[in-house]
Amino acid sequence: MVVREAIGASIPLAGVGCAIERSALARLSAKQDGRPFAADCLTEDYELGLRLGELAESSMFVRIPAMPGSRAVVASRGHFPETLGTAVRQKARWIGGIALSGWDRLGWSGGIGERWMRMRDRRGPLAALLLVAGYAAAFLWLQLGFAETLGAPVTLAVSPALAFLLKLNLALLLWRLLVRFGFVTAYYGVAEGLRSLPRMAVGNLIAILAVKRAIAIHLSGGPARWDKTSHRFPVQENMR
């Protein structure tokens, strides 16, 4: 969100904690037959932010401390769905609304920064395909390595270019894990920071299954279907 603001791209309103100036809402309403909120959109909060950006309305991401001097911030906190089925359903709605329906409804407009961010928002299906290919390649590579260890006539040849790409990807993966661990630890402690690392693989599985579900729903045709999931909220939050 901070990067989007810095490069002048539209900021999705993300559903919660949003404030919209009356004049901006009135402009949007006038352009959409008196209906500023799209009832037929799966991710209307995301679309609302981009629609305001198309009207050249400025937006910003605001980080407000819960109390003066506190590290806690004003935010909506809720647990992501805890079962595989509900998690896939929730993420499929996001992917379907942003990457698939969002492409149809919003298209491509704006400057380089805006188009780049829209491309990044819609990368879900391609990312899932690459994840499947990556996990399949890793599995086959391990099988070949195991066969070579047992004496099978298999030679694992790696070109210098491929070796460089593998090292670069490993470095980027380690950096991403470090950043993930650092941010989670800062708010929830070391134990949760460590648990966040293997959860990345779980998140990848959810993303793959969610893309499959989102594409199936999108190709089925018919009106948009609101695939709502319930959320659990923390009973008590440790404010630091």
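Bear in mind these aren't lab numbers, they're just calculated from the coordinates by the rules spelled out. Note that the structure is a prediction, hence the values are computed from the model and not measured. Methodologically, a virtual Cβ is constructed for each residue, glycine included, from the backbone with ideal geometry; neighbour enumeration extends over all protein chains shown.
In a DSSP loop and with at most 14 other Cβ atoms within 10 Å, the chymotrypsin sites (Phe, Trp or Tyr not before Pro) in segment 98-181 are Trp108. Label-to-label distance, Ser109 versus Lys212, with points set 7 angstrom from Cα along the beta-carbon direction: 3.7 nm. Shown here are the Rg and Dmax of the Cα trace of segment 1-78, at 14.0, 45 Å. The calculated FRET efficiency for the pair Ile7 and Thr86, based on their C-beta separation and a Förster distance of 41 Å, comes to about 0.75.
Positive-end ranking of Ser59, Gly193, Val179 along the dipole of the chain, with charges on Cβ about the Cα centre, is headed by Gly193.
Just checking my list (i) 0.99; (ii) 0.94; (iii) 1.02 against Rg/Rh (Cα atoms, Kirkwood Rh) computed from this structure; which label fits? It is the value labelled (iii).
With a Förster radius of 45 Å, plug the Cβ-Cβ distance of Leu165 and Ala19 into 1/(1 + (r/R0)^6) and report the FRET value to the nearest 0.05. Efficiency for this residue pair is about 0.50. Using the Cβ-Cβ distance between Leu177 and Met60 with R0 set to 30 Å, the FRET efficiency from 1/(1 + (r/R0)^6) comes to roughly 0.50.
Among all the aspartates and glutamates, which ones have a C-alpha under 20 Å from Lys212's C-alpha, if same-chain residues fewer than 8 places away are not counted? Hits, sequence-local ones excluded: Glu82, Asp104, Asp121, Asp227.
Evaluated with a Cβ-only charge set (Lys, Arg +1; Asp, Glu -1), the chain carries a dipole of roughly 220 debye about its Cα centre, given to the nearest 20. In a fully extended conformation the segment linking Leu194 and Thr155 would gain 10.4 nm over its present Cα-Cα distance, using 0.36 nm per residue. For segment 74-112, trypsin sites (Lys or Arg not before Pro) are listed when DSSP marks them as loop and at most 11 other Cβ atoms sit within 10 Å of their Cβ; the list is Arg77. Counting 0.36 nm for each residue step from Gln143 to Tyr187 and taking away their Cα separation leaves a gain of 11.9 nm. The GluC sites (Glu not before Pro) of segment 1-82 that meet both conditions, a loop assignment by DSSP and at most 12 other Cβ atoms within 10 Å of the site Cβ, are Glu21, Glu82.
Screening the chain for DSSP H helices whose Cα atoms reach 24 Å or more along their own axis and whose mean Kyte hydropathy is at least 0.5 gives 124-149, 160-188, 199-219. Taking all Cα pairs closer than 8 Å and separated by 6 or more residues, the relative contact order of segment 1-78 comes to 34 percent.
Between Ser109, Ser58, Ser196, the residue with the greatest mean-square fluctuation in the GNM of the chain (Cα pairs under 10 Å linked by springs) is Ser109. Extension gain for Val73-Asn204 works out to 44.3 nm (0.36 nm per residue, less the C-alpha to C-alpha distance). Farthest toward the positive end of the dipole of the chain, out of Ala75, Gly221, Trp116, is the Cα of Ala75, where the dipole comes from beta carbon charges about the Cα centre.
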